[in-house]
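Nothing in this text is a laboratory measurement; each read-out follows from the coordinates by a stated rule. As the structure is a prediction and not an experimental result, all values here were calculated from the model. Cβ atoms come from the backbone with ideal geometry, glycine included; neighbour counts cover every protein chain shown.
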Amino acid sequence: MSDGAITLLDPRLGWALLCLFGLLWVFLGWYWGRRASSVDDFLLAGRKVGLALGTATAMATWVTSNTVMLAPVFALEKGLWGMVAYSTASFGLFLFAPLSRRIRTLMPEGHTSGDFMRLRYGKWAWYLFLVISMVYSVAWLVSMGTAGGKLMETLAGIPYFHGVTAILLVCVIYTLFGGMYAVIGTDFIQSAIILAGVLLVGSLVVIRTDLRALYDTMAVEQPSLINALMPVALLSLFNNMFFGFGEVFHNNVWWSRAHAMRAEVAPRAFFLSGLLWFPIPIAAGFIALSATSLGVNVIDPNTVGPLVAGQVLGKLGAVLVFVVVFCSLASSIDSLLAATSDLLLQDLGKKILGISSEPSRFRLYSKFIIILLGFLTWVLCALEMDLLQILFLSGPLVASAIWPIIAGLYWNRAHWLAAVLAMLLGSALGLWAYFQIGWYTASLISAVVSMAVIFVSVPFCRQTFDWKKLHE
Amino acid sequence: MEWDLTSNHDPSNLTFILQQSSDASFDSSIVRYEGPDQATYLSGLAAGNYFFRVMAEGPQSAALSSWSQPFELQVVFVGTHQVILLSLIGLAGFTILVVSIMVGHRLSQREPKVLSS
Amino acid sequence: MSNLHVAELFVFIPFAVMKWMIYLSLAGVGLGLLILIVLFIRDWKGGQLW
């Protein structure tokens with residue numbers, strides 16, 4: 001039986017892989033960055049991204065290290081239904097497809113999700129939205145950086161601080177060089193690697209596992225994992241879904257992609273990306289269930305994925321997991337850096353602080369903000385702040401923004417005050433539910449409260465919104 | 001679940017056996033783990049009471065210790081009412097959301113061009 | 001107050017469902033990879049990449 005605490009790769013090999021892929025991403029960032037001749041090119045890849053790259057970037061951005069490393073934990077804790085519950089996070093991508101069409105129709109020259117909130121609802125809703133978005137974005141960014149450092153340490157014995165620094169440095173550099181072109185281009189390669197890696201490891205585990213024997217053993221020793229009505233799995237099903245809706249509908253990572261793609265491509269790309277994403281948590285997660293039958297003693301569930309991969313594929317499996325995890329981290333961090341800096345630049349910088357929008361200076365500010373955001377992330381990661389907890393707490397915050405966005409896009413009688421109240425009450429009651437009832441209720445309650453406020457407000461709204469006001 | 005040796009014996013040559021039973025007498029039990037590690041992750045237990053005990057064996061399966069004191073574990077799930085209520089709320093919220101987006105999408109496609117030049 | 005016991009909330013997922021869930025998820029990942037490659041080639045040939 002193997003010990004779950006050992007590292008899988010020699011640190012030198014880990015560093016070699018980090019440097020190899022890091023240099024590749026940086027080179028590609030520089031190479032593709034030469035295409036960017038205008039601010040729109042740098043921030044939104046010229047607004048002409050096609051279906052292949054559009055689909056890949058949406059899928060890869062949504063595949064985080066959590067998808068690959070946490071899915072096995074979900075399988076171990078919540079069983080088969082738990083993996084399906086995780087997969088429902090893809091529904092956010094499916095449903096963003098029609099939203100992206102509407103966004104492109106209403107705001108063909110739009111830049112950020114903040115633009116929409118400001119023009120649709122006015123400054124108070126916009127300010128509140130920005131606070132929610134920044135809390136979530138920074139928490140996501142830092143949790144990715146922290147996860148990267150911990151994973152590099154677990155997988156290859158690379159000291160945490162060094163791993164964090166290396167990953168963030170690589171992502172900041174190639175995002176700086178190439179902007180959205182670099183982000184989207186590298187996302188395509190990273191998505192192919194992630195899919196190939198998950199397929200290879202999963203297939204080999206299936207070949208080497210007697211599924212019938214596995215099932216029979218689970219029926220005796222871990223029956224809850226094959227219980228179709230396992231309570232925590234059922235509860236997390238809808239909660240995860242609403243957390244996912246909130247994350248995708250509100251965040252500038254997805255709005256910037258909607259603006260970067262060709263208008264007719266965006267809906268299909270998001271829908272396809274949802275389809276591509278859906279099976280990944282199951283394919284990556286089920287291997288945890290095979291651990292014992294493959295002779296792997298699970299001690300720390302967070303390492304079960306790499307351990308099983310190492311068991312079936314030896315050193316190749318360990319290399320594959322390392323590379324897949326690095327790709328899933330990079331594909332999310334680069335998108336977050338680009339989109340969050342874009343939001344800060346456009347909304348805070350340009351609209352609130354009134355910085356110059358002269359193209360060459362604007363692009364300089366954009367790069368400065370990417371560096372600043374990268375540095376802030378690095379500092380928070382270095383402090384080893386447990387922002388994963390903050391990320392989960394942001395669930396009710398982002399879920400409260402779901403209905404203001406849906407109503408704002410489709411209903412011309414959604415009032416700004418309703419949007420503000422929906423976000424405030426949804427967030428407050430969602431956070432209350434998180435601490436008083438349980439984490440598995442927070443996003444659900446937030447979304448439902450927000451929905452109730454919006455629905456109740458519509459009959460009282462006398463004004464109808466002129467959609468042309470969104471064309472700035 | 002973790003276990004430690006009470007003596008200063010070197011644990012590296014030992015095999016630990018972890019037994020699980022639903023009664024304190026261990027009349028019917030299963031072996032949950034057998035190997036050199038001093039911990040194992042347990043999950044997926046159905047609701048109920050469980051008892052665990054561990055023993056150490058030396059080389060050639062020579063028993064080195066007697067069984068440890070049983071450790072009692074109670075597995076309790078979230079209440080049925082809460083699960084059903086929250087699931088129904090979730091299903092309703094999800095349905096309303098999907099229908100709203102689909103209807104909004106359909107109606108918006110029938111709108112005249114919003115931004116005519 | 002209902003006496004519904006938690007143990008009644010127990011329905012085993014059949015083995016066939018588990019098996020096909022795993023097979024289909026792997027097939028889905030493989031198909032996804034194929035779709036990405038095909039789309040890439042199509043966009044590249046048509047000059048529609050970006």
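Points worth noting:
- Between A:D466 and A:E384, the modelled labels are 5.8 nm apart [label points 7 Å from Cα along Cα→Cβ].
- A:S357 paired with A:R413, simple spin-label distance in nm, labels 7 Å along Cα-to-beta-carbon: 3.4
- Helix B:80-110 vs. chain B, principal-axis angle (Cα, 0 to 90°, nearest 10): 30
- Computed FRET value (nearest 0.05) for A:I207 with B:Q82, which takes r as the C-beta separation and R₀ as 45 Å: 0.65
- Label-point separation, A:R34 to A:D216 (7 Å along Cα→Cβ), nm: 6.3
- Sequence-distant lysines (8 or more away, or on other chains) whose Cα lies within less than 25 Å of A:K350: A:K48, A:K123, A:K367, A:K468, A:K469
- Under 26 Å from A:K78, Cα to Cα: lysines that are on another chain or at least 8 residues apart: A:K150, C:K19
- Once backbone amide H atoms are built at 1.01 Å from N, B:Y33 has B:L18 as its partners under 5 Å, excluding neighbours fewer than 5 places away on the same chain.
- Sum of -39500 (n - 2.57) over DSSP H runs of 4+, divided by residues of chain B (222 nm, nearest 500): -9500 deg cm²/dmol
- Normalised contact order of chain A, rounded percent, pairs of Cα under 8 Å and 6 or more residues apart: 31
- Compared with the dominant Cα axis of chain A, that is its longest principal axis, helix A:416-436 is turned about 30°.
- Expected 222 nm ellipticity per residue - DSSP helices of 4 or more, -39500 (n - 2.57), all of chain A, to 500: -25500 deg cm²/dmol
- Average other protein chain Cβ within 10 Å of Cβ, residues A:230-237: 5
- Counting every C-alpha pair in the protein assembly as shown, the share spaced more than 50 angstrom apart comes to 13%.
- Near A:G29: Cβ cut-off under 13 Å, other residues only, Lys/Arg at +1 and Asp/Glu at -1. The net charge is +1.
- Cβ-derived FRET efficiency at R0 30 Å, A:Q436 paired with A:L294, nearest 0.05: 0.15
- Chain B, relative contact order in percent, only Cα pairs under 8 angstrom and at least six apart counted: 21
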